[in-house]
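Readers should treat all values here as calculations from the given coordinates under stated rules, not as data from a laboratory. Model, not experiment: these values are computed from the prediction. FYI the Cβ positions are ideal-geometry reconstructions off the backbone, even for glycines, and counts take in every protein chain you see.
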Amino acid sequence: MDDLLQNLNDQQKCAVTSPHPTLQVLAPPGSGKTKTLTARVAYLISKQGYKPWNIIVCTFTVKAAREMKERIRGIVGEELEKKLQLGTFHSIGRRFLVSYGHLIGIKKGFGIADSSDTKAIVKRIHKRLRSPLEAGKIASRISRAKAKKKRPAEFHGSKKIEEQDFARIYEEYEATLASSNLLDYDDILLRCVELLHNHPECVANVEAVLIDEFQDTNIVQYELMMLFAQHRQRITIVGDPDQSIYSFRSAEIENLNRMTKDLKDTLSIHLEQNYRSSAAILRCASKVIQQDANRIKKPLTATHCLGQRPVLRKLPSATDEAAWIVTEIKRIKTLAGSLFHHDDFAILLRSSALSLKIETALGKAGIPYRMVGGFRFFDRKEVRVLLDYLRVINQPNHNDALARVINEPPRKIGEATLRELLEEAENKKVSLWSLVFAIAQCRGNVRTKVSASALKGMQSFVNIILTCQSKIKRESDEIFSLVNLIGTIIDKIEFRSFLQKRGAGKDEGEDFEARWANVEELLAQATEISAIDALGLEFPDEDLLEQMETGPSPLEETLAQFLSNVALSSNAELKDADGEATKQVTISTLHGAKGLEWPVVFIAGVYDGSIPHSRADDTDEERRLLYVGMTRAQSLLYLSCPLNSSRESDSEHAVSPFLAVPELEPYCLQQGPSISMAIIEDLARILRRDCPSDRTVIDGALALERIEDDLYPLDGSRLGYQAMSWE
Ligand code: ATP
Ligand code: MG
């Protein structure tokens with residue numbers, strides 16, 4: 001018990017142990033919300049006797065999920081920890097649908113359409129219907145309609161021609177998903193709501209529901225939370241309205257008020273001490289968020305020393321910016337290599353499009369890095385090809401996956417032929433696979449003319465798919481794993497030599513090496529899947545579970561699960577490579593960095609048009625996004641702005657208006673700091689140490705500052721110690 005509550009302050013302890021059924025913890029960044037939530041889960045299991053499989057925990061990142069799991073494993077053992085229902089809303093929703101989806105007519109073995117599938121489907125329908133609507137916006141419009149639970153019929157009924165056009169696409173889109181037995185991200189949540197609404201018995205034994213990052217839940221997720229908890233209404237949520245950054249995905253900050261209204265007896269607990277960042281970083285970040293006149297002020301106290309003022313640096317171009325970041329990383333490493341390792345650095349970007357120059361500069365300098373949160377490993381071409389093969393093997397009706405790989409590697413099936421095939425399949429209302437299969441077998445009444453070489457190509461493709469399918473079936477003689485399956489595909493399509501040939505002529509095969517490394521990473525992930533928790537729910541009512549005898553084989557299940565994980569991880573979760581042998585600098589989007597922290601953070605591309613983004617409607621949300629980024633930093637924060645996107649470009653960027661305010665100036669440095677070893681060591685030592693909960697003075701330099709009220713002058717004189725200077 002004491003162990004559990006160690007390193008928690010009084011309010012945190014109160015939140016962990018409160019017997020109150022519904023708890024709301026709203027608090028600023030770094031105040032220990034996630035830490036508190038983790039401790040509460042452990043407390044409920046070890047002290048209150050809750051069964052892990054009756055606790056649902058929605059976390060935002062894999063890292064949070066992992067930390068929580070590790071902690072709980074230490075207390076209750078691996079067996080029980082595995083049964084905890086822990087993950088994103090989507091992954092938990094999917095588990096319910098896998099186990100109980102048949103109750104609402106969902107077919108077994110459904111797949112998940114990820115965002116590129118969704119876009120491809122919409123694009124095809126858009127073209128076929130010759131829709132006048134702007135193609136690029138339709139997928140997200142469908143998603144918004146779904147998040148608001150609007151069906152196509154509602155748009156059909158509209159008087160506006162434009163809405164009727166939209167309804168037609170929306171309707172066809174739904175029909176396409178249904179015929180391929182696919183659910184999109186929104187469906188997973190919506191169908192789960194439908195399931196739990198009509199079959200409350202599925203959650204009869206749920207004892208507690210805990211949600212991290214509550215400010216970013218949308219209406220459907222809120223409803224799902226209430227449905228999870230419908231029998232006992234024991235809900236704990238933690239969140240921070242100042243960090244709400246997902247309204248573009250229909251997140252509703254209103255959910256906070258809704259919860260207070262729906263659950264009258266909610267206990268609110270406030271945390272106000274920040275244990276993450278230096279006081280200087282916090283003060284600078286606070287100056288940014290305070291520009292939002294409508295926000296509710298919250299007290300925020302720094303527990304760490306003043307530290308170093310964040311650096312705001314203008315560079316002539318994005319190339320110079322990348323070079324400068326690399327120089328700074330090298331400089332800090334040279335001065336304090338034993339204190340700061342590469343994995344202590346993060347480079348955060350507004351959009352993935354900005355990453356190329358930084359990747360190149362890091363690569364040239366030989367600094368290892370990894371891309372997370374929004375940089376989609378699974379979208380790399382060579383990975384995507386193998387995944388698409390797996391998708392077709394798992395679900396031959398997945399038209400889009402099939403269309404992407406039937407000629408990959410090239411099998412002389414030209415684009416025109418493929419287009420005709422797709423059209424014919426659509427007209428006949430059959431899947432592309434059935435059509436290709438019929439052609440390969442030289443059977444059936446097929447209209448599309450295919451050349452002899454294309455026919456051969458199709459036959460070879462069909463053979464590969466059939467061979468792989470037979471290997472994973474229950475009755476297969478061979479003992480086959482997912483890794484074997486991927487290996488078989490690689491062999492059959494001669495992928496290695498194909499990649500080698502494609503890489504030929506490029507810088508000494510560098511291209512091939514990098515691509516092959518990705519293939520190996522995919523194999524490593526496929527190995528991991530058998531090791532991680534089986535997703536089979538241990539929900540108690542066995543009668544509800546369909547008999548599995550005629551169901552998929554274990555490998556078919558694993559394959560489906562693997563593909564679902566891939567689809568869901570590219571949605572929101574952050575792949576985390578903790579424990580990797582080489583320590584790497586992290587490159588992430590600002591969105592993907594939510595909830596995480598690093599000793600040194602660079603936010604690059606902080607210019608008007610990037611933050612706020614030129615296409616963003618909600619300036620306040622853009623400001624919150626910058627605030628989220630800044631509050632990830634523990635000891636050093638760098639903000640940089642390239643004045644031109646490229647050296648050739650002549651339109652000059654201005655620094656983000658969120659930073660170009662006079663109030664901020666005293667809190668930022670224009671030039672990089674002149675780092676002394678003493679400063680860095682000091683920062684690292686203080687920031688790495690868990691702050692004592694009684695906030696006793698550490699080394700005489702603890703800044704007990706009320707940031708929000710800005711009670712203290714910058715030089716820290718009221719605190720009785722000298723401010724450190726950078727220059
Ligand atoms: P965010 O809003 O960014 O998600 P958070 O409120 O969830 O932040 P945590 O990530 O839980 O904050 O905690 C921030 C850091 O502070 C972590 O490193 C955590 O271990 C540390 N921390 C939290 N509470 C305490 C405490 N009482 N004593 C010492 N360290 C703490
Ligand atoms: Mg958190």
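For segment 184-226, rounded, prolate or oblate, judged on the Cα gyration tensor with a ≥ b ≥ c (square roots of eigenvalues), a/c < 1.5 rounded, else prolate if a/b > b/c?
Cα axes put segment 184-226 in the oblate bin.
Roughly speaking, what is the stretch gain from residue 430 to residue 201, that is 0.36 nm per residue apart minus the C-alpha to C-alpha distance, in nm to one decimal?
Contour length minus the Cα-Cα distance gives 78.7 nm.
Could you check the spin-label model distance between residue 102 and residue 553? Points 7 Å from the Cα along Cα→Cβ, value in nm.
For the pair residue 102/residue 553, the computed spacing is 2.0 nm.
Please say if segment 282-322 is rounded, prolate or oblate, where rounded means a/c under 1.5 for a ≥ b ≥ c the square roots of the C-alpha gyration tensor eigenvalues, and otherwise the choice is prolate for a/b larger than b/c and oblate otherwise?
oblate
Using a 10 Å cut-off around each Cβ, can you sort 468, 668 from fewest to most neighbouring Cβ atoms?
Fewest-to-most ranking of 468, 668: 668, 468.
Expressed in whole Å with the largest first, what are the equivalent ellipsoid semi-axes of segment 1-156 derived from the C-alpha gyration tensor as the square root of 5 times each eigenvalue?
41, 19, 14
So how many Å³ per residue does the convex hull of the Cα atoms of segment 132-237 work out to?
Convex hull volume per residue, Cα atoms: 125 Å³.
Please give me, ordered by residue number, the trypsin sites (Lys or Arg not before Pro) of segment 54-131 that lie in loop per DSSP and have at most 16 other Cβ atoms within 10 Å.
Sparse-neighbourhood loop trypsin sites (Lys or Arg not before Pro): 107, 108, 130.
Where a Cα-Cα gap under 24 Å defines reach, which lysines qualify for residue 107, not counting those fewer than 8 residues away within the same chain?
Leaving aside lysines fewer than 8 places away in the same chain, those within reach of residue 107 are 119, 146, 149, 150, 428, 429, 471, 473.
Please give the contour-minus-distance gain from residue 159 to residue 652: 0.36 nm per residue of separation, less the Cα-Cα distance, rounded to one decimal in nm.
In short, 173.0 nm is gained.
Quick one: order 553, 143 by neighbouring beta-carbon count within 10 Å, fewest to most.
Ascending number of Cβ neighbours within 10 Å: 553, 143.
Please tell me the relative contact order of segment 1-156 in percent, rounded to the nearest whole number, where contacts are Cα pairs under 8 Å and at least six residues apart.
15 percent
Grab every C-alpha pair in segment 112-180, bin the distances at 5 angstrom width from 0 up to the longest one, and report whole percents.
Reading upward from the zero bin: 3, 18, 31, 29, 15, 3, 1.
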